[in-house]
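*Asks:* Dumping the structure here so I can ask a few things about it.
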Amino acid sequence: MSYNAHIEKNEIGTMPTIAFDGRIITIDTPQAVDQAMIALSKESHVGIDTETRPSFRKGVQHNVSLIQLSTADTCFLIRLNRTGMPDSLIAFLENKQIAKIGLSLHDDYQGLCKRRKFKAGSFIDLQKEVGNFGIEEKSLQKIFAIIFGQRISKSQQLSNWENDVLTDKQKLYAATDAWACLKIYNELKNN
């Protein structure tokens, strides 16, 4: 199957909005990371994304604050600013048997390696995959709109991912991004 190569932002604005509607589990201890990795180790494909606290000052960069790992019905939001990068998470990220599906993964990988070095195991970047289907867009929102005719919200993108408590809107935004990557991959794989 082939898709449109491009889509205009105003066209996306007319589409119905969709968001992840599964379980969202926020994790802020290394022990809870270990439990999440046990659950995720049963999966063959997982959506992945990261969030970093934005900096509005030139030359100031923050570490990755959050990594989202999503199955079709559950998304784990791991607050790296609290948990660090435990051995169980590193082992999961290096596992070549579980595909980690994301967008612009080189940037996510570089950011995660600033926290703790690891070798990426089976990372699949959608920006490379969608080209095989005629899609030339690079943003998650545009790729999702082309494939599904639905819009995912980007309204929380520049929020503070290191707040003491993540808001429900932040959690939904973060979970939707990781889930959307997996959903796109599964749709393309079935065509």
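The values are calculated or read from the model by the stated rules, or taken from the named source; none is laboratory data. Just so it is clear, the model here is predicted, and its values are computed rather than measured. Every residue, glycine among them, receives a Cβ derived from its backbone with ideal geometry; neighbour counts consider all protein chains shown.
*Asks:* Of these, Arg57, Arg23, Arg53, Arg82, which one is exposed (fewer than 13 other Cβ atoms within 10 Å of the Cβ), under 19 Å from the mean Cα position of the chain (by Cα) and not aromatic (Phe, Trp, Tyr)? Before the answer, list the steps.
*Replies:* Working: Arg57 fails: under 19 Å from the mean Cα position of the chain (by Cα); Arg53 fails: exposed (fewer than 13 other Cβ atoms within 10 Å of the Cβ); Arg82 fails: exposed (fewer than 13 other Cβ atoms within 10 Å of the Cβ).
Going through Arg57, Arg23, Arg53, Arg82 in turn, just one is exposed (fewer than 13 other Cβ atoms within 10 Å of the Cβ), under 19 Å from the mean Cα position of the chain (by Cα) and not aromatic (Phe, Trp, Tyr): Arg23.
*Asks:* Which one of Gly22, Gly13 is among the small types (Gly, Ala, Ser) and closer than 27 Å to Asn95 by Cα? Let's see the steps before the verdict.
*Replies:* On the way: Gly13 fails: closer than 27 Å to Asn95 by Cα.
Unique residue meeting the criteria: Gly22.
*Asks:* Condition first: under 18 Å from Ser44 (Cα atoms) and among the hydroxyl-bearing types (Ser, Thr, Tyr). Now tell me which residues in the stretch 73-121 satisfy that.
*Replies:* Those that are under 18 Å from Ser44 (Cα atoms) and among the hydroxyl-bearing types (Ser, Thr, Tyr): Thr74, Ser88.
*Asks:* Can you spot a residue in the stretch 42-49 that is buried (at least 23 other Cβ atoms within 10 Å of the Cβ) and either more than 16 Å from the chain's Cα centre (by Cα) or closer than 18 Å to Glu162 by Cβ (or both)?
*Replies:* yes
*Asks:* Hey, another quick one. How many of the residues in the stretch 180-191 are at pLDDT 95 or above, out of contact with any helix residue (DSSP H, G or I) (no Cβ under 9 Å at 6 or more places or on another chain) and surrounded by fewer than 21 Cβ atoms within 10 Å (Cβ to Cβ)?
*Replies:* 1
*Asks:* Look through the stretch 1-25, keep the residues that are assigned to a helix (DSSP H, G or I) and in contact with a helix residue (DSSP H, G or I) (Cβ under 9 Å, 6 or more places away or on another chain), and return whichever of them is modelled with the lowest pLDDT. First the steps, then the outcome.
*Replies:* In the first step, residues of the stretch 1-25 are kept if they are assigned to a helix (DSSP H, G or I); the result is 9-13.
Then keep just the ones that are in contact with a helix residue (DSSP H, G or I) (Cβ under 9 Å, 6 or more places away or on another chain); that gives 9, 11-12.
Details: Lys9: 90, Glu11: 94, Ile12: 94.
So the residue we want is Lys9.
*Asks:* Inside the stretch 88-179, counting only helices (runs of 4 or more DSSP H) that do not spill past its ends, which hold 1 or more residues that are surrounded by 15 or more Cβ atoms within 10 Å (Cβ to Cβ), over 14 Å from the mean Cα position of the chain (by Cα) and touching a residue at least 60 places away in the same chain (Cβ under 8 Å)? Give the derivation first.
*Replies:* Values: elements: 105-115, 126-129, 140-148.
Hits in the stretch 88-179: 140-148.
*Asks:* From the list Asp49, Asp28, which residue is farther than 21 Å from Lys119 by Cα, in contact with a helix residue (DSSP H, G or I) (Cβ under 7 Å, 6 or more places away or on another chain) and touching a residue at least 24 places away in the same chain (Cβ under 8 Å)? Before the answer, list the steps.
*Replies:* Values: Asp49 fails: farther than 21 Å from Lys119 by Cα.
Answer to the selection: Asp28.
*Asks:* Quick one: which of Ser65, Ser88 is under 21 Å from Thr176 (Cα atoms) and either out of contact with any Pro (no Cβ under 8 Å at 6 or more places or on another chain) or not charged (D, E, K, R) (or both)? Don't jump to the end; show me each part of the working.
*Replies:* Values: Ser88 fails: under 21 Å from Thr176 (Cα atoms).
Only one candidate passes the filter, namely Ser65.
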